[in-house]
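Notes follow once the structure below has been shown.
Coordinate-derived values only; no laboratory data. Predicted, not measured: the structure shown is a model, and the values here were computed from it. Cβ placement follows ideal geometry from the backbone for every residue including glycine, while neighbour counts extend to all protein chains displayed.
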């Protein structure tokens, strides 16, 4: 019987392709390799971002320009500004908006509706579909973070771009049904408020975090990354310095048709706000192709504006008249004194104060590397030994982690970037390594890697280690719920749209076992890369093909949307509910309802999985920042035994696959101790029969001819 490989052949198919290409079966054999990555420590030529930041004066100009356009259109807006590492610098609520305290009638006026599921019926909503509990300030901040986090000196993406690359078909439109899902399918559930990697500028009691000045990044996005247009990056002198997010209408959703051009008020106001701080035109998303399709940057342009933002009134003249700065619990201002809010200057990315900076002598072999720091000069995640000696015979050593990071960085330093302009720019990513407990053993990144890849690379590393380990099934079956979230579900003043479903209503373990025909699945017998788990997480299996079943980690397409994707959101649903309730509390106080005030934020510990066997870190589980379901990770093995995972994110997903896979392979050659999973246990040995046809899972997919200055091809073949 013919077996079809899904998501393109194993080592073929650049999903985010500018210059790399691949062909199908047959044809002439590949030419012999003519070189490859340099040895670790060799210096690459990276463009290092200049130390630029948003000043208070800059932010006042941006807000005033946005307010001017919103006023001209009679559409009061909530405007959020963040710096590149996600610190909230200002939230301004115009008079008449739901976040304007002067006109508050009841709590419902503060919230925006997360779009319902496909049926539109409340009873059919899953995940966070149809929740009426999200303050506009939260959605505006998430949009601003999205604009900042998806941008770099080589690419500028917006929340509209995000919408295009997270849906079930790419590009999303009525005529593209049957095509594969977006390349960053699932990225919306990253940067979560519960992530243990994400810093918190403001403590749950409203006080400033004492970790430096509380501005250590990367910071969290209140409802994850946003696919709702109205979030854009901000630039100064060609350097990304932050993002702007606008919330006006009642629908927090996404664009289902990229064949037309929308007149989106939120996006128009954002364009006005970015005047003088707009992304360079040569790196915008509409200059970057994915599978031959240009991405979308914005449906709005300066020519569409009703005002000339350059002539906008001063901030001093509108502050207190057109609106005012607004306290947002956990993000901006003091919980106890909502009137104490003030605009903050942004940090300069690359400075110690930002929490991400270049390495110094002795911190890493390659001097081009950047690391995450604590604001006091200390590397937050230096290479350390694994913590899982209780369950792993020979855990990863600090030296092995160091070499693995070096080798992955060495692959990155020669790889051709796929979402960066100009062509033949080097890839820039973040690399994370974890043990089987999910504990972070080391993190390193390229100088200009997009910020979103930091949290995502860790999600990927943990996902690969988790699903390849023997604890996956018992942990998933032991997933609990939050008592606080249950309290929120029972409070009709907090949940207007639906009672959030119990995340345990689906037995994902049994569904996976039935799907793959293996009664012992998810107990450590199979090595799953993120590409493999992603195959199982699509609402169509094979990916994109209508008229088939959904993957076992997804929900059926009749209920699916970017707000309800299956296991990925079900694992963190209670964390999201807890956090929204926490942010909502000051609004509840204003209504005079002090009953059941929730002053405790969700913990920095996503999911309610059982604790891992890690005596040194009581309370940690294996998925502390959730899972990720698009490619870029592989599990790490020693003598056929799982010892951890490596995750990569920030560039094309095939590049992410290659850097993780080859980085681990080269570390194995250098050390002789660790390596990729034995081919016999990789997930691409699994076939599933769908409509009479056998479909094979994938493991990794590396681009052809991936290195700048080299003609080497098929670089992952046979490894």
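Data for the structure
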| item | result |
| --- | --- |
| Order of 574, 530, 654 under a 10 Å beta carbon neighbour criterion, fewest first | 574, 654, 530 |
| Cut-off 19 Å (backbone N to label point 7 Å along Cα→Cβ of residue 56), residues of segment 340-382 | 340-348 |
| Simple label model, 7 Å out from Cα along Cβ direction - residue 262 to residue 613, nm | 4.9 nm |
| Packing-based exposure ordering (other Cβ within 10 Å, fewest first) of 180, 693 | 693, 180 |
| Overall form of segment 354-434 per C-alpha gyration tensor (a/c, 1.5; a/b vs b/c) | oblate |
| Computed over segment 236-327: relative contact order in percent, which uses C-alpha pairs under 8 Å that are six or more apart | 27 percent |
| Contour minus Cα-Cα distance for residue 424 and residue 399 (0.36 nm per residue) | 5.7 nm |
| Packing-based exposure ordering (other Cβ within 10 Å, fewest first) of 318, 283, 310 | 310, 318, 283 |
| Among 70-80, 140-150, the order from most to least packed when residues are scored by Cβ within 10 Å on average | 140-150, 70-80 |
| Gained length - residue 599 relative to residue 314, 0.36 nm times residue gap less alpha-carbon distance | 99.0 nm |
